[in-house]
Every structure is written in C-alpha cells, then in structure tokens.
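Everything on this sheet refers to the single structure shown next.
The values are calculated or read from the model by the stated rules, or taken from the named source; none is laboratory data. Quantities reported herein were computed from a predicted structural model and do not represent experimental measurements. Ideal geometry is used to build each Cβ from the backbone, glycine not excepted, and the neighbour counts take in all protein chains shown. Just so you know, the surface numbers come from the protein's heavy atoms only, side chains and all, with ligands and any DNA or RNA stripped out. Shrake-Rupley method; radii C 1.70, N 1.55, O 1.52, S 1.80 Å.
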Amino acid sequence: MRYDVEMRRVELPAGPVEYDETGSGPPVVLLHGLVMDHTVWDEVLPLLPAGHRYLRPVLPLGAHRLPMKPDADLTLDGQVALVADFLDALDLTDVTLVHSDWGGALFLTARGRDERVSRLVVLPSEAFDNFPPGLPGRMAALAARLPGGAYLAARQLRVGWVRRLPLLLGQMAARPLPDELVRGWTEPLVRDRAIRRDFVRYARTRFDRTALVRDTEALAAFTGDALVLWSPDQKVMPPEHGRRLADLLPRARYAEVPGARVLSMLDAPAEVARHLGEFLVRPGLTPRSGSSASDGAP
C-alpha cells in the first residue's frame, strides 16, 4: 500500500480529493508541489505542536491517485479555485495555510477567496513571475507538450542519477530523495492515463506574467499574520522573492533555513518544524475579522 495511513476523501466541483488529517484544534493545511503529494510533510508532521488539526490534501498536480472530472478546469486558475473549494467543503475557518513549491494558492487573496485563511506560511514557492519555476518547471512544461512526455518524465524521475540532474530534481533538494518517496509520487503518472491527462492540463497553463505579478502583489491586502520561511541557498525560487514577499505582507516575519533548497521540509525537517511550530503557538495570533476557530471534524 502506497500510503501509511488511510486517506479521507472529499468531493469537490472538480472531482474527488484525498487528504490526511490528524489532531484537533485550529486547522493547519499543508500544501505540496507539482508531481508530489502529502508525504512531502511526513518528517515534519510528527514534530509539530499538538493542539492543531493538520490537514494534508493531495492536489491534482500529478501525484494524485483519483482522477478529476473530464471537464474539470485544472489550469492555474482552476487549481486556485480547488484549494478554496477544499476549505469550503470541510467548512474550515481560522486556517493556517502552508505553501511549498507550488505557489498557486498564494492567489486566493487576489481571487477574493481567502476569507477562511487567517495566517500564511510560505516556504520557497512560485511567486511573482516565476511560473513555471526555474529549470525543473520548464522541463515539466516541456514534458506536458510532448507526446508521451508525462509518462517518460515520470519514468526518468525514478532513476536516481537522472533525477539528481539540475534539469529535474537536482535543484529541488540538497539531500538525495529516497527512491521509495519518488516512486510513490510518480506511480499515478506511470499507471493511469487519466492522471497524466490531469497533469498535462495544469502543466500546459499559459501564464501571463503581468497578471502573475499583479496577483502576487494582491497579498498586500492580506491582514493576517504570516511567516516567510525561505531557503537562500537555492536558485529555483529566487532568494530575493522571499524578502519581497515578506515586505509585501503587512504582518509578515522573515526567517531562513540555510543549506536547504526548495524542499526544505525534506532537507531540514527539524528546522522547518521549529519555525512553523513557534509560529503556530506564539502569542498574539488572533483570527482575522469575520472568522472563528474550528476544532473538530466537519
């Protein structure tokens, strides 16, 4: 069995989404990147403080097991709506939303759909005009446009020395990614044509760079507390973007995880857990106007 725990499932307008849930208290929703799933957080989750409800949805970004509806909008705009629909479907309020790698959910404020989000945590993520990000992002976009490219790319990622190349995952993590972890991420793409269809729909998004910058800068209107936890020693998500996001968010603080790359939760899980845990429990974190805490199952 691929997952260590039984996954929950919620039906959204775009289709079914699996998610893992543990704990009780104010909800913390941990997101992941392209061709990854909730397991990217496996090393951090046990180190986080009790008293919170941790939810890890598996977004339809290529490592999901359940195909979306054939007519689902899985472009960037559709994926942003899907995150908001997930929060709505579970009736989550006072959410701490944790971003990593994929930056689409940063646009909830620009779309007017961040009313359930009280706090933001931003690890190295796409932002401003950095969509798709760096060499790995451009290679994913290229694979989506070639016949059979998604299947071939998934197979290539399973070969250790190949995935460590800068064009693939070599710039994403400082430590070699375990074979078992990457095999889990790529299994849906390898075995299911419908999953490859979903991946291609997102990876073929045509990005308007002016709009991307505008939608990122809409975060200036986000009034909740924020933590920008960046990794300065990597190139995929520009180091200056971390400082720029922290300056943009009115109530943000900035911290760094030296030596880590984009996937800092895998490179330095204890350090990421420490920063995230301190942010979750520090005094003065109050819900944004109009929201209230949620501490039970929907």
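Overview of results
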| read-out | value |
| --- | --- |
| Selection status of Arg183, closer than 28 Å to Ala270 by Cβ, in a helix (DSSP H, G or I), open to solvent by 20 Å² or more (accessible area, probe 1.4 Å) and among the basic types (Lys, Arg) | yes |
| Pick from segment 112-136, criterion surrounded by fewer than 24 Cβ atoms within 10 Å (Cβ to Cβ), of a type in the set (D, E, K, R) and in contact (Cβ under 8 Å) with a residue 60 or more places away in the chain, ranking: nearest to Gly224 (Cα to Cα) | Arg119 |
| All positions within segment 199-212 that are in contact with a Pro (Cβ under 9 Å, 6 or more places away or on another chain) and either of a type outside the set (D, E, K, R) or exposed (fewer than 13 other Cβ atoms within 10 Å of the Cβ) (or both) | Phe199, Tyr202, Ala203, Thr205, Phe207 |
| Any hit, segment 99-121, residues being modelled with pLDDT of 95 or more, assigned to a loop (DSSP other than H, G, I, E, B), out of contact with any Ser or Thr (no Cβ under 6 Å at 6 or more places or on another chain) and of a type in the set (Gly, Ala, Ser) | yes |
| Criterion (free of Cβ contacts under 8 Å to residues at least 40 places away in the same chain and part of a helix (DSSP H, G or I)) met by exactly one of Val162, Val200 | Val162 |
| Unique residue being surrounded by fewer than 19 Cβ atoms within 10 Å (Cβ to Cβ) and either of a type outside the set (Ser, Thr, Tyr) or over 30 Å from Leu152 (Cβ atoms) (or both) when the list is Arg196, Arg175 | Arg175 |
| Any hit, segment 94-107, residues being open to solvent by 20 Å² or more (accessible area, probe 1.4 Å) and not basic (Lys, Arg) | no |
| Residue check, Thr96 of a type in the set (Val, Ile, Thr) and touching a strand residue (DSSP E or B) at 6+ places or on another chain (Cβ under 8 Å) | yes |
| Options Asp77, Asp85: the member that is in contact with a strand residue (DSSP E or B) (Cβ under 6 Å, 6 or more places away or on another chain), open to solvent by 10 Å² or more (accessible area, probe 1.4 Å), more than 21 Å from Arg261 (Cα to Cα) and assigned to a helix (DSSP H, G or I) | Asp85 |
| Residue match in segment 3-21 (condition: surrounded by fewer than 17 Cβ atoms within 10 Å (Cβ to Cβ), closer than 27 Å to Pro176 by Cα and among the aromatic types (Phe, Trp, Tyr)) | yes |
| Per-region count, segment 255-267, residues under 12 Å from Val40 (Cα atoms) and either more than 18 Å from the chain's Cα centre (by Cα) or not β-branched (Val, Ile, Thr) (or both) | 5 |
| Only listed residue being modelled with pLDDT of 95 or more, under 19 Å from Leu181 (Cα atoms) and surrounded by 15 or more Cβ atoms within 10 Å (Cβ to Cβ), chosen from His52, His38 | His38 |
| Residue that is nearest to Asn130 (Cα to Cα) [pool: residues in segment 236-266 that are open to solvent by 10 Å² or more (accessible area, probe 1.4 Å) and in a loop (DSSP other than H, G, I, E, B)] | Pro238 |
| Check on Thr216, of a type outside the set (D, E, K, R) and in a loop (DSSP other than H, G, I, E, B) | no |
| Test for Ala194: is it over 15 Å from Pro132 (Cβ atoms) and aliphatic (A, V, I, L, M) | yes |
| Cross-chain or 6+ apart pairs with Cβ under 8 Å, segment 82-97 first and over 24 Å from Gly277 (Cα atoms), then acidic (Asp, Glu) and surrounded by fewer than 19 Cβ atoms within 10 Å (Cβ to Cβ) | Ala89/Glu11 |
| Identity of the residue in segment 137-153, of a type outside the set (A, V, I, L, M) and without any contact (Cβ under 8 Å) to a residue 40 or more places away in the chain, that ends up least open to solvent (accessible area, probe 1.4 Å) | Gly149 |
| Qualifying position, being farther than 26 Å from Glu271 by Cβ and under 16 Å from the mean Cα position of the chain (by Cα), among Glu6, Glu18, Glu11 | Glu18 |
